[in-house]
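**Student:** Below is the structure I would like to discuss, written out as structure tokens.
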Protein chains: 6
Amino acid sequence: MALVPPIEYEAAAAAVRAVYDDIRATRKTDFVNHFWKVLANDPAMLARTWANVKEVMAPGALDPLVKELIYVAVSVTNNCEYCIHSHAAAAYSKGMTPQMFGELMAVTALANATNRLANGYRIDVDERFASPLAP
Amino acid sequence: MALVPPIEYEAAAAAVRAVYDDIRATRKTDFVNHFWKVLANDPAMLARTWANVKEVMAPGALDPLVKELIYVAVSVTNNCEYCIHSHAAAAYSKGMTPQMFGELMAVTALANATNRLANGYRIDVDERFASPLAP
Amino acid sequence: MALVPPIEYEAAAAAVRAVYDDIRATRKTDFVNHFWKVLANDPAMLARTWANVKEVMAPGALDPLVKELIYVAVSVTNNCEYCIHSHAAAAYSKGMTPQMFGELMAVTALANATNRLANGYRIDVDERFASPLAP
Amino acid sequence: MALVPPIEYEAAAAAVRAVYDDIRATRKTDFVNHFWKVLANDPAMLARTWANVKEVMAPGALDPLVKELIYVAVSVTNNCEYCIHSHAAAAYSKGMTPQMFGELMAVTALANATNRLANGYRIDVDERFASPLAP
Amino acid sequence: MALVPPIEYEAAAAAVRAVYDDIRATRKTDFVNHFWKVLANDPAMLARTWANVKEVMAPGALDPLVKELIYVAVSVTNNCEYCIHSHAAAAYSKGMTPQMFGELMAVTALANATNRLANGYRIDVDERFASPLAP
Amino acid sequence: MALVPPIEYEAAAAAVRAVYDDIRATRKTDFVNHFWKVLANDPAMLARTWANVKEVMAPGALDPLVKELIYVAVSVTNNCEYCIHSHAAAAYSKGMTPQMFGELMAVTALANATNRLANGYRIDVDERFASPLAP
């Protein structure tokens, strides 16, 4: 049960409405989900969080579906029920198939397992892995 | 510091050598990283874990690079130093660019943040998100 | 659904009643919440856990409201539904305003994000941060 | 070992320098810590993350020291070595005493314990806790 | 609410039925729980996961009850509601008493607390602990 | 690097010495590990934490080795380097064999994997699992 009530468009202040409007325009849908309506209780948090999501989830070097898959993997690892549902739906709408979802779950489960093997055995990092991205 | 020592090929039993050989053949490299050499202390675990990794990380509905990105996102969320280094290296070898790595970190960080907003406010799942994958 | 049933005062053994009585006296309320009634299935755990809570959450160098805010931040990070509800209520009763709750959520979300950026990039600790509390 | 190298002021692009300058001006110090110098590899992430930190950690309904304590509690729960060191240092510079640090650790440890008791026993949320912040 | 529906025996493909049959034979019961029926949406994952569980949870150097206790401890730490219920039931059927469950919860809670004290204070590992299992 | 220095016996106050003495007497060894020497910076925390450990880890319905195995499983799941080393050493001294350690790692890894499958698919708890411990 939500700790604070969702704020509907009609009851929202202008600053909140402006964010809802931008969510609708960016996503090309009238639907604004509960996440935003609850954050709207703190208009600065709503605006900041939406700005972050809009910027980070936009097409870039990674395409939007891959970003949604990553989002789901993190949400599953942390057990965020809301985020699993909302980002699985977003991934589905961007082309995720049931086969892809199954593989996403398989990789997520496997990584959670091998993370514990590596941490549990305290395995030393191989020298050649140390800085793959260093210039 | 590893709790048990890595087992080198020369000192390995036949069952362990067979796994090392398959890792080398599958990955088309002579390099076997510490992870496997430490798991080799428990040959059944080595064989089982490698079978899982080989099957799950193979090309499928998701391509191998996307699978590596998901692996890194989970490893970062769980703070597995070894896995971050090894799978960042694997992703890099499969085509990950620095821009892609930056976006991967950005999505991972964002998901970790919004997971806590959704969990902290105890936000109710929107009805339309409930079962996107149900038939 | 709780794995074991709550134990009501009337049905409780003397050792359990003594803890319930001390909870009521310390908190100046007749209300004993489910947490304690469930722990009462293991009287030694009930007594030990209450002793810890009573000692740790008492006024000290940090005031009780700050302690409740910290408690909520940890509970949100771990996704403990019960603890989020019970400690948000406790914080509210000690003076937490909706503005403070919003800022608490914002800091908690931000820390969860930047924790992953620092861990994901494996950022080296600056020398000057190493031992701020060392004598 | 950092996956990407820190970017020093002299080598930084104008957009990165602007963020470093704002960090220095906001914090009234010449010191820019590694966290920002590593994020600078992705200038958009640097700018966005700094904007978030600057806004969220500013004085508000919660004072800056309380915000730092919350930050440390989350970082300890997630085991972010970098963040524990950097935010413990920040808290110390804002007035945290060793006694306060000890109590912060005590509350963080206690919450991590009772989170598992509540989750492990699957304790039902008391009705009166359900919506303390609802209007 | 499950993201995908459970697949009943009657509606299952031959490969899925073979796994269900082996679960029943191994466990000496007709009951197949939801976990397997949901994984059956991805037959390869079903077969792989069951093979892992069958091998890992079999009697070995640790007896099956001890393995179930460890499973519950991890599931409580990660807050997996399904796994807490299913493995508490499995442990109970293998001889776990309420007293043992209470002690299991107590150790799990204590470890979660002291993990944060050790990580929070960044305590150096004692030399004599470094490699207890090294030859 | 520890945030605060360890406190040696010779430099310790009487209340701290009393705890060290009890640790030595209970464990039948002169060795006091860093964990306690660091907590000694907050004598109340030292006394409380030791009282908890002494009570929870004592022989009971579960034997001390099983308790140490559970401790290690939790510490691996949370990635507490110190606790993995110290409790693996404790388990080893109480009879844990390398085979047992391997199985402990295997169960811990498996549980971390299936926890994510159950949470990710949002699998409904089977009715018969609901309350195995209820009277």
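The values are calculated or read from the model by the stated rules, or taken from the named source; none is laboratory data. This structure is a prediction, so every number in the text was calculated from the model and none was measured. In this analysis, Cβ positions are derived from the backbone assuming ideal geometry, glycine residues included, and neighbour counts consider all displayed protein chains. Keep in mind that these areas ignore ligands, DNA and RNA; they rest on the heavy atoms of the full protein, side chains included. Shrake-Rupley method; radii C 1.70, N 1.55, O 1.52, S 1.80 Å.
**Student:** On average, how much area does the Cα convex hull of the stretch B:1-89 cover when viewed from any direction, in nm²?
**Tutor:** Over every viewing direction, the Cα hull of the stretch B:1-89 projects on average to 6.1 nm².
**Student:** Could you give P(r) for the protein assembly as shown, binned at 20 Å from zero, as whole percent values over all Cα-Cα pairs?
**Tutor:** Binned Cα distances yield the sequence 16, 53, 29, 2.
**Student:** Okay, next question. Taking each label point as 7 Å beyond Cα in the direction of the beta carbon, state the distances from residue A:10 to the same residue in the other copies, shortest first, in nm.
**Tutor:** Distances to the matching label points in the other copies: 4.7, 4.7, 6.5, 7.9, 8.1 nm.
**Student:** Here's another thing I want to ask about it. For chain C, list the DSSP H helices whose alpha carbon atoms reach 27 Å or more along the long axis and whose average Kyte-Doolittle value is -1.0 or above?
**Tutor:** Those that pass (Cα extent of 27 Å or more, hydropathy at least -1.0) are C:98-120.
**Student:** If you don't mind, there's one more thing I want to ask. Chain C: which residue's Cβ hugs the C-to-A rotation axis most tightly, distance rounded to whole Å?
**Tutor:** C:79, 3
**Student:** Which whole-number percent is the relative contact order of chain A (Cα, under 8 Å, 6+ apart)?
**Tutor:** Relative contact order, chain A: 16 percent.
**Student:** Working only with C-alpha atoms, what are the Rg and Dmax values of the stretch D:46-105, expressed in angstrom?
**Tutor:** 11.6, 35
**Student:** Let me ask something additional. Mind checking which of E:59, E:41, E:109 is farthest towards the positive end of the stretch E:27-131's charge dipole, using Cβ charges of +1 (Lys, Arg) and -1 (Asp, Glu) about the Cα centre?
**Tutor:** Most positive-ward Cα: E:41.
**Student:** Using only helices, what value at 222 nm comes out for chain A when you add -39,500 (n - 2.57) per DSSP H run of length 4 or more and divide by the total residues, to the nearest 500 deg cm²/dmol?
**Tutor:** Rounded to the nearest 500, it is -20500 deg cm²/dmol.
**Student:** Keeping every protein chain present and rolling a 1.4 Å probe, give me the accessible area per residue for the protein assembly as shown in Å².
**Tutor:** Result: 36 Å² of accessible area for each residue.
**Student:** While we're here: Using unit Cβ charges (K, R positive; D, E negative) and no other charged atoms, how large, in debye to the nearest 20, is the dipole of chain C about its Cα centre?
**Tutor:** 40 debye
**Student:** Also, quick follow-up: Among the lysines, which fall within straight-line cross-link reach of residue C:67, defined as a Cα-Cα distance under 18 Å, with same-chain neighbours fewer than 8 residues apart omitted?
**Tutor:** Reachable lysines: C:54, C:94, D:67, D:94.
**Student:** I would also like to ask the following. How far is the Cα center of the stretch E:28-69 from the Cα center of the stretch A:1-68, in Å?
**Tutor:** Spelled out, the Cα-based centre of one part sits 41 Å from the other.
**Student:** Carbon-plus-sulfur fraction of the accessible area of chain D, 1.4 Å probe, in percent?
**Tutor:** Looking at chain D in its full context, I get 55 percent from C and S.
**Student:** Given points 7 Å out from each Cα along the Cα-Cβ axis, report the residue D:58 to residue C:51 separation in nanometres with one decimal.
**Tutor:** 4.8 nm
**Student:** Let me ask something else about it. Grab the beta carbon distance between residue A:31 and residue E:22, set R0 = 56 Å, and tell me the FRET efficiency rounded to 0.05.
**Tutor:** 0.80
**Student:** Show me you know the interface measure: the accessible area buried between F and E, both chains summed, probe 1.4 Å, in Å² to the nearest 100.
**Tutor:** 6500 Å²
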